[in-house]
1. Restricting to the stretch B:104-131, give me the number of residues that are in contact with a strand residue (DSSP E or B) (Cβ under 8 Å, 6 or more places away or on another chain) and either more than 24 Å from residue B:303 (Cβ to Cβ) or surrounded by 18 or more Cβ atoms within 10 Å (Cβ to Cβ) (or both).
2. Of all residues in the stretch A:175-203, which are more than 10 Å from chain B (Cβ to nearest Cβ) and either under 30 Å from residue A:13 (Cβ atoms) or in contact with a strand residue (DSSP E or B) (Cβ under 7 Å, 6 or more places away or on another chain) (or both)?
3. Out of everything in the stretch A:117-138 that is more than 12 Å from chain B (Cβ to nearest Cβ) and farther than 12 Å from residue A:62 by Cα, what residue ends up being surrounded by the fewest Cβ atoms within 10 Å (Cβ to Cβ)?
4. Going through A:104, A:188, A:109, A:175 one at a time, which residue ends up being surrounded by fewer than 17 Cβ atoms within 10 Å (Cβ to Cβ) and either modelled with pLDDT of 95 or more or under 22 Å from residue A:68 (Cα atoms) (or both)?
5. Taking the stretch A:71-87 on its own, how many of its residues are more than 25 Å from residue B:156 (Cα to Cα) and in contact with a helix residue (DSSP H, G or I) (Cβ under 9 Å, 6 or more places away or on another chain)?
6. For the subset of the stretch A:77-87 comprising residues that are more than 12 Å from the chain's Cα centre (by Cα) and buried (at least 18 other Cβ atoms within 10 Å of the Cβ), which member is farthest from the other protein chains (Cβ to nearest Cβ)?
7. For the stretch B:179-211: of the residues being within 30 Å of residue A:129 (Cβ to Cβ) and in a loop (DSSP other than H, G, I, E, B), which is modelled with the lowest pLDDT?
C-alpha cells in the first residue's frame with residue numbers, strides 16, 4: 001500500500017496506478033454534495049448553471065459531506081468536514097453526476113455495492129475518510145462559492161479549493177477492486193462460527 | 001431563586017465543553033485501543049478520532065462536523081419546583097433560545113429540518129427540537145441538566161427495533177443484536193466502534209428509549225446491577241468482539257466500546273428488543289444547579305438511576 005498525492009488535474013495514468021487500500025491526499029477544487037444536492041445537480045435544466053460553473057473551475061472531486069461552516073461577514077469558513085455514507089446519495093445519482101461532469105474522485109464513507117464496477121468503467125476512484133475532520137477543513141484554502149443555500153447550510157453545495165486534504169483511503173480503484181469487499185471476505189471467515197451458532201444468514 | 005440567565009450561561013458552557021472534548025471514559029478507551037489495535041486501518045481510524053479531539057480541544061471547535069440534534073435530560077428536584085425564575089415554561093424557553101444561540105456562536109451544524117419539505121431554519125429549532133425530556137426527582141434540591149448531542153449516524157443507520165416471538169429467549173436476543181450490529185457496521189455503513197445499547201422488553205417506546213439511554217447515558221465499563229443482565233451484557237460484548245468488524249468496519253479488535261442493556265417487563269405476548277449504536281463522537285455533560293446559585297459539575301447523569309423496589 002502506497003501513499004500518493006493527487007494534484008488536480010489528475011491524469012488517467014495516475015488514477016490507473018492507484019490500488020484499493022492506498023492512502024492519498026488531494027489538492028485542487030472540490031464540491032460537497034448530499035442527497036438533495038445531487039437531485040439539483042443532475043436535474044437537466046435546474047442543474048445546468050452549477051454544472052457549467054464546476055466545469056469552468058475544473059472541479060473533478062465530489063465530497064459526500066455536510067460540512068460544519070461558520071458564516072463570516074465576508075467569507076464563510078470551514079470548521080469540520082465529515083463524510084456522509086455514499087450509499088445515502090445512491091449509486092444512480094452518483095453515476096449520473098460523474099458522467100455529466102467527468103468527475104475523477106468520489107469521497108465518501110463506507111462501501112456502495114456496484115460502485116466498484118462503475119469506477120472501473122468510468123475510470124474514477126472512490127475514496128473513504130480516515131482522518132481528522134478538523135484537519136480536512138483546515139486544508140480548505142478558499143471557499144469559492146455556495147450553491148443552493150436555500151437547502152440549509154449542511155445540504156447546500158460548497159465549492160472549495162483544498163491543499164493536501166487527507167489522508168483518504170482508496171476503496172474502489174479503477175481495476176474493479178474494492179477494499180471493503182476484500183475486508184468483507186476476511187470478516188466472513190472470522191465470523192463464520194458465531195454466525196452458524198446463532199443461525200445468522202448474511203445478505 | 002435560580003435565574004434564567006444563570007441557566008443560559010451554564011448550558012452554553014456545557015455545549016462548548018462537550019463539543020470540544022470527549023468524556024474521559026471514551027477518550028481513555030480510544031487511547032488504550034489505539035495502543036493495542038493490530039489492524040492497520042483500524043489503528044489509523046482510532047488515531048484519526050484521537051487527533052480530531054486533540055485538535056478540537058486546542059482550537060475550541062467541535063471535533064465532529066455532525067454536531068448532532070440537541071437533547072436535554074432534565075431532572076427537576078421537587079425542592080426546586082418553586083425556585084426557578086419564571087417556572088418550568090421559562091426554563092424550556094431558555095433551553096430553546098440557547099440552542100439557537102450556540103448554533104450560530106460555536107458554531108454547530110444546523111441539523112434540524114422539516115421531515116418532508118426538508119426546510120432548514122439553520123437554528124436547530126423546530127417542533128421537538130431541541131429535544132427536552134423532563135423527570136421530577138423526589139426529595140432533591142437541585143435542577144440537573146444533561147446535554148447530549150445526538151449524531152445522525154446512530155439515528156440513521158445505528159438503530160433497530162423488533163418484537164421477537166415470546167419464546168425466542170436469550171439466543172433470539174443474541175441473534176437480533178449480533179445481526180443488527182453486523183448490518184449496521186459491516187462495510188462501513190456507520191462510524192464504529194460503537195457503544196451498543198440494548199433495550200430488552202417494555203413497550204414499543206420504552207424499549208427503544210432504554211436502548212438509546214443505555215448507549216448514551218451510561219459510561220464505558222458500567223454493568224447492569226442485576227447480575228443476570230450483567231452476564232448478558234458480557235455475553236453480547238463477547239459476541240460482538242468475535243466479529244472483528246473493527247473501526248469503520250475495516251477489521252480489527254476494536255468493534256465496540258461496550259454493551260449496555262436495560263430491561264423492563266413486557267406484555268406476555270411479546271419480546272421486544274431494540275439496539276442503538278452510539279458512535280465515538282459522544283457528547284454528554286451534566287451539571288446540577290441549586291437555588292443559591294451553586295453549579296456543580298457531575299461526571300454522569302442520574303437519569304438512569306433505577307427505582308428501588
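The values are calculated or read from the model by the stated rules, or taken from the named source; none is laboratory data. All values derive from a computational prediction rather than experimental measurement. Here the Cβ is made from the backbone with ideal geometry for all residues, glycine too, and neighbour counts use every protein chain on show.
1. 10
2. A:175, A:176, A:177, A:185
3. A:121
4. A:175
5. Final tally of qualifying residues: 2.
6. By that ranking, first place goes to A:78.
7. B:189
Residues are listed down the side, and each one gets a yes or a no for (1) within 23 Å of residue B:131 (Cβ to Cβ); (2) more than 12 Å from chain A (Cβ to nearest Cβ); (3) in contact with a strand residue (DSSP E or B) (Cβ under 7 Å, 6 or more places away or on another chain); (4) not in a helix (DSSP H, G or I):
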| site | (1), (2), (3), (4) |
| --- | --- |
| B:18 | yes, yes, yes, no |
| B:29 | no, yes, yes, no |
| B:32 | no, yes, no, no |
| B:42 | no, no, yes, no |
| B:48 | no, no, no, no |
| B:51 | no, no, no, no |
| B:67 | yes, no, yes, yes |
| B:74 | yes, yes, yes, yes |
